[in-house]
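Have a look at the structure below, then the notes.
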Amino acid sequence: MAAHNGSSPRHGGSHFSTGARPSGRTASSHAPAPRPGATGTVGTGRVSRRTADATRRASARRGATHRARAVSSSQRRRRVPLAAIAVAGTLVIAALVAFVLVPALLPSGDAGDRPAVADGTEVTFTVPDGSGAGAVAQILYDNGLIDDQSAFLSEIRRTESESLIKSGSYRVVAGTDDTDIIELLTTGPNASTATLTVPEGYTVSQVAQAVQDSLGISADDFLAQAKASNYAADYAFLSAAADDSLEGFLFPKTYDFSGAQSVDADTVIRAMLDQYQAEVGPLDLDAAAAALSSRYGIEVDGYDVLTMASIVEREAVTDEQRPQVASVFYNRLAAGMRLQSDATLTYSLGRAATADEINTLDDPYNTNLRDGLTPTPICSPSLASVQAAMEPADTSYYYFYITSDTAQFSETYDEHMRAYS
């Protein structure tokens, strides 16, 4: 079964004909060492006194030079540890500056870069995972909630609160004292971003995409979990669900999961089924189905009523129109006529059906060619549509033409064509 993956559908009108007349919907070198020179004369084996004196003087100079070089080398060896000590000392001083002096000397910043927040204004901000006190102070300052980052950090050190700050989303009223803000940050988030809004008329596939966009849960994971058989044991109303589908049962509403320790596809689905039970359960669809069967001379059950409500949801524009749209479809069923709702094939295809598809495509959801209701609901209907499907208006209409601007209900095909043209 294909499901609609597009944007929330709106209406351009449902089209009926005696011959199924369709229409569309509205990411170093090393230098060699010098060769030492030889001293003395060759041949006689004797050395003159002048030469000997010169030799002694040269030897003395070489000795002095050697001693000087030895002293220099010794001094260098002594200076190396002293240099290492100096470097280490510099690092210690740098650390003291970075971790002790700098926070105390943080500038207040450029006030022109900060939002102008009046006292009493509620501000929402988020502390990312792993944020230290300095990062939190910057966030608060940037949001106009504190004027002095160094004072805020001093208060955090005084209260030994840095390791207690919790990540998450917060709401803080501008003008709140630093101590109270710190207390809130150590208590935990008080603002929710874990919300999911499911509009009326969404399909299961559209709900899956909304869950991915809002909660970060993979749409594929959601669809794999969204099977009626996974929940039928806990929700009796799913016993009649066809094709193992939860279509129609994921109640449209805004859900807040901020209090949950973890949120996965199962968490979301159960919340929606719980809401369906709370909203639709008291209406007793089975009892309504029995009354409708008697009134129209047809056989319908509670699941059929939900299916009808989903079709009404996709065809009507206003709540006032829903009971009348429901009456048209029930009247057609009673008269052995096909529903001829373009919305049903659009659901199956996941896009607007063409005129040719409406007239020729053999699809279980093509109510232009198939008798009766669709195998499953085609969306999650609003409560107003459910109520309309339970208690349709008492009319003799068999046709309607609805756009965002107009609604025309007709008893005959000729009247319908005049309204349509």
Reported set for the stretch 266-282 where residues are surrounded by 17 or more Cβ atoms within 10 Å (Cβ to Cβ) and touching a helix residue (DSSP H, G or I) at 6+ places or on another chain (Cβ under 7 Å) is VAL268, ILE269, VAL280
Subset of the stretch 151-179 [of a type in the set (Ser, Thr, Tyr) and either surrounded by fewer than 16 Cβ atoms within 10 Å (Cβ to Cβ) or outside any strand (DSSP E or B) (or both)]: SER154, THR159, SER161, SER163, SER167, SER169, THR176, THR179
Enumerate the pairs (first residue in the stretch 341-359 and outside the structural domain of ILE311 (by TED's automatic domain parsing) and of a type in the set (Asp, Glu); second residue anywhere and at pLDDT 95 or above and part of a helix (DSSP H, G or I)) with beta-carbon separation below 9 Å, excluding pairs fewer than 6 apart on the same chain, so at least 6 apart or on different chains. none
Can you find a residue in the stretch 270-283 that is part of a helix (DSSP H, G or I), closer than 30 Å to ASP220 by Cβ and among the β-branched types (Val, Ile, Thr)? no
Before we move on, is TYR401 modelled with pLDDT under 95, of a type in the set (Phe, Trp, Tyr) and surrounded by fewer than 17 Cβ atoms within 10 Å (Cβ to Cβ)? no
Scan the stretch 180-187 and give yes if some residue there is under 30 Å from SER154 (Cα atoms) and either charged (D, E, K, R) or not in a helix (DSSP H, G or I) (or both), otherwise no. yes
Quick one: in the stretch 377-415, of everything that is part of a loop (DSSP other than H, G, I, E, B) and among the charged types (D, E, K, R), which residue is farthest from THR367 (Cα to Cα)? ASP405
Would you mind finding the one in SER205, SER214 that is of a type in the set (S, T, N, Q), in contact with a strand residue (DSSP E or B) (Cβ under 8 Å, 6 or more places away or on another chain) and not in a loop (DSSP other than H, G, I, E, B)? SER214
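The values are calculated or read from the model by the stated rules, or taken from the named source; none is laboratory data. In this text the structure is predicted, and so the values were computed from the model without any measurement. Every residue, glycine as well, gets a Cβ built from its backbone with ideal geometry; the counts of neighbours run over all protein chains shown.
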